[in-house]
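The values are calculated or read from the model by the stated rules, or taken from the named source; none is laboratory data. Just so it is clear, the structure is predicted and the values come from calculations on it, not from any experiment. As a convention, Cβ positions derive from the backbone with ideal geometry for all residues, glycine included, and neighbour counts pool all protein chains shown.
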Amino acid sequence: MPEKARRVVILSLVGIFTIFAMTYLCPTAVNAHAPKTVLLAYDGATKTLSVAITHTRFSEGHYIEKVVIKKNGTVVATQEYKSQPSETFTYTYKVDAVDGDTLEVKASCSRFGSTSETITVGKGSSKTP
């Protein structure tokens, strides 16, 4: 077999092995996914931030593990979880904020990825998620 043809065969086998290894030996990233949506609403009267999260095809070991809340770029709360109640659910948090404050929420999957959303208090932030 000519040298060039042998190199092509070897490179092809290495490529096939690499694809096999990535697909079957690293299934966590393939089967996991970030939260689909994070919707925010802030009620200034009760100082309550409502966070509606959609994370489909969750299971034991695959759920929303952490929610981090920032106000004006500074972390004000971090909540960790061991499971999630359903595909779409709402958590509420007490957050002291005034008109003009920016609230950012990052919801992280226990296996792979995260989704963030931001609202500005006083600018349509009193809607129900």
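Points worth noting:
- Checked against (1) surrounded by 14 or more Cβ atoms within 10 Å (Cβ to Cβ); (2) over 17 Å from the mean Cα position of the chain (by Cα); (3) modelled with pLDDT of 90 or more, THR74 passes all but a single condition, namely (1).
- GLY124 meets the conditions (1) over 20 Å from LYS36 (Cα atoms); (2) surrounded by 14 or more Cβ atoms within 10 Å (Cβ to Cβ); (3) modelled with pLDDT under 90 in every case but one. The failed one is (2).
- Search result, residues across region 96-108 that are among the aliphatic types (A, V, I, L, M), surrounded by 12 or more Cβ atoms within 10 Å (Cβ to Cβ) and either in a loop (DSSP other than H, G, I, E, B) or within 15 Å of the chain's Cα centre (by Cα) (or both): ALA97, VAL105, ALA107
- Contacts under 9 angstrom Cβ, first residue in region 105-120 being among the aliphatic types (A, V, I, L, M), partner in a loop (DSSP other than H, G, I, E, B), 6 or more apart: ALA107/ALA34; ALA107/PRO35; ALA107/HIS55; ILE119/SER125
- Which listed residue is over 17 Å from the mean Cα position of the chain (by Cα), aromatic (Phe, Trp, Tyr) and surrounded by 14 or more Cβ atoms within 10 Å (Cβ to Cβ), from TYR81, TYR63, TYR93: TYR93
- Residue within region 19-38 that is at pLDDT 95 or above and part of a loop (DSSP other than H, G, I, E, B) present: no
- Residues of region 84-95 classified as touching a residue at least 12 places away in the same chain (Cβ under 8 Å) and outside any strand (DSSP E or B), total: 3
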